[in-house]
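**Q** Before I ask anything, here is the structure I am working with.
Just so it is clear, none of the values below were taken in a lab; they were calculated from the coordinates. Given the structure is predicted, the values throughout are model-derived calculations rather than measurements. As a convention, Cβ positions derive from the backbone with ideal geometry for all residues, glycine included, and neighbour counts pool all protein chains shown.
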Amino acid sequence: MIVTTKQLFELAYGKYALGAYNINNAEQTMGLFQGNLESKAPFIIQISKGARSYTNKLMLEGMIRAADEIFPEAVFAVHLDHGDEQTCYDCIDSGFYSSVMIDASHESFEENIAITKRVVDKAHPKGISVEAELGQLGGVEEDISVSEDHAHLTDPAQAAEFIKRTGCDSLACAIGTSHGAFKFSGSQGLHFEIVEAIQKLVPGYPLVLHGSSSVPQDEVERINAAGGALKGAKGVDPNQYLPAAKLGVCKINIDTDGRLVWTRVHREFFRDKPEVFDFRPVGKIFQEEYAKFIASRNKLLGSAGNLDEVRAALNK
Ligand code: G3H
Ligand code: 13P
Ligand code: ZN
């Protein structure tokens, strides 16, 4: 059942965070639904601009509609990840998306406000909520690369002003995470004091954490042992997901970790079975491994086990 992101945030706020997982193909979609149902969790499906052009945006919509039929018990929202203005409008007009992210965080504060406000004004009359971003994460997202020197953390006072002036429904804030598999060069931690300060200024407001993959070290070791070259890959401590949720983080974005599962499964499979050229056996293993991974994340996010309650609340 596709629901609004707003409904899911209201139910999760202060208790747990929703896993926001990116999808690109059918195997990932199947594993995603299976993992969320096995762990009885509501969730958010994210579609990036890159995913929309990997096959075709309609292919992704078709897969999600099909998965909704195959798994009628699933409760989820569909979200555009890191949209530019035109892509946001395309998703708003499609009538398929529950929410869009307008990412103008690389623009000046005033320009970010102006762009975000235009998107909010188009989205709200259609019942679609808008996530915006203030501050800049390091790493690469879509076609924009931000070096560590240029990444900067969100200023809480600016965040409060930004929320008020744009009317955006949730805010992605930069607290020290970054996109990709190489998040920390040393022992840098996350700045929860920023989340706390924003919550003091805007109580009850849903915040979002991007760049939250944990980059499991056993996964990295297995990839490297099977021919990969991911030296020094490091992620967020997943035991920080729930404390973040209790402070008002409602959505935690995880994409890289799923790519690591895919890479490990495929590298090991073809290393061990060089004679095989049917892609279905390995695709099946990936679906199962991805489902296990999703279930394990949902436990750490606190979203696992909430499906029946969410369903009951939405059916009231
Ligand atoms: O933050 C970006 C997400 O990981 C999506 O990545 O733009 O390569 O699909 P992508
Ligand atoms: P990761 O690269 O840490 O998985 O972050 C994903 C993300 O923020 C998607 O928007
Ligand atoms: Zn992101």
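**Q** So, PHE76, is that one closer than 16 Å to ALA20 by Cβ, of a type outside the set (S, T, N, Q) and more than 16 Å from ligand 3 (Cβ to nearest atom) or not?
**A** So PHE76 fits the description; yes.
**Q** Could you say whether any residue in region 91-108 is among the acidic types (Asp, Glu), under 25 Å from PRO156 (Cα atoms) and out of contact with any Asp or Glu (no Cβ under 7 Å at 6 or more places or on another chain)?
**A** Within region 91-108 (the criterion being among the acidic types (Asp, Glu), under 25 Å from PRO156 (Cα atoms) and out of contact with any Asp or Glu (no Cβ under 7 Å at 6 or more places or on another chain)), the answer is yes, since at least one residue qualifies.
**Q** For region 210-225, what are the residues that are crowded, with 18+ Cβ neighbours inside 10 Å, of a type in the set (A, V, I, L, M, F, W, C) and out of contact with any Ser or Thr (no Cβ under 6 Å at 6 or more places or on another chain)?
**A** Of everything in region 210-225, those that are crowded, with 18+ Cβ neighbours inside 10 Å, of a type in the set (A, V, I, L, M, F, W, C) and out of contact with any Ser or Thr (no Cβ under 6 Å at 6 or more places or on another chain) turn out to be VAL215, VAL220.
**Q** With away from ligand 1 (no atom under 12 Å from the Cβ) and basic (Lys, Arg) as the only criterion, which of LYS57, LYS49 stands out?
**A** LYS57
**Q** If you go through region 240-250 one residue at a time, do you hit one that is within 16 Å of ligand 3 (Cβ to nearest atom), in contact with a Lys or Arg (Cβ under 9 Å, 6 or more places away or on another chain) and of a type outside the set (A, V, I, L, M)?
**A** yes
**Q** Here is a follow-up. Give, as residue ranges, the helices (runs of 4 or more DSSP H) completely inside region 232-316 that count at least 2 residues that are surrounded by 15 or more Cβ atoms within 10 Å (Cβ to Cβ) and over 18 Å from the mean Cα position of the chain (by Cα).
**A** 256-272, 279-301, 307-315
**Q** Of the residues that sit in region 169-184 and are of a type outside the set (S, T, N, Q) and closer than 30 Å to GLN7 by Cβ, which one is farthest from ligand 3 (Cβ to nearest atom)?
**A** Result: ASP169.
**Q** If a residue has to be in contact with a helix residue (DSSP H, G or I) (Cβ under 7 Å, 6 or more places away or on another chain) and of a type in the set (Ser, Thr, Tyr) to count, how many in region 164-182 make the cut?
**A** Going through region 164-182 one residue at a time, the tally reaches 2.
**Q** Just give me the residues in region 226-255 being polar (S, T, N, Q) and either touching a Phe, Trp or Tyr at 6+ places or on another chain (Cβ under 6 Å) or free of Cβ contacts under 8 Å to residues at least 60 places away in the same chain (or both), in sequence order.
**A** Of everything in region 226-255, just one residue is polar (S, T, N, Q) and either touching a Phe, Trp or Tyr at 6+ places or on another chain (Cβ under 6 Å) or free of Cβ contacts under 8 Å to residues at least 60 places away in the same chain (or both), namely GLN240.
**Q** Within 16 Å of ligand 3 (Cβ to nearest atom) and within 25 Å of VAL130 (Cβ to Cβ), is that true of SER214?
**A** When the stated conditions are applied, SER214 does not pass them.
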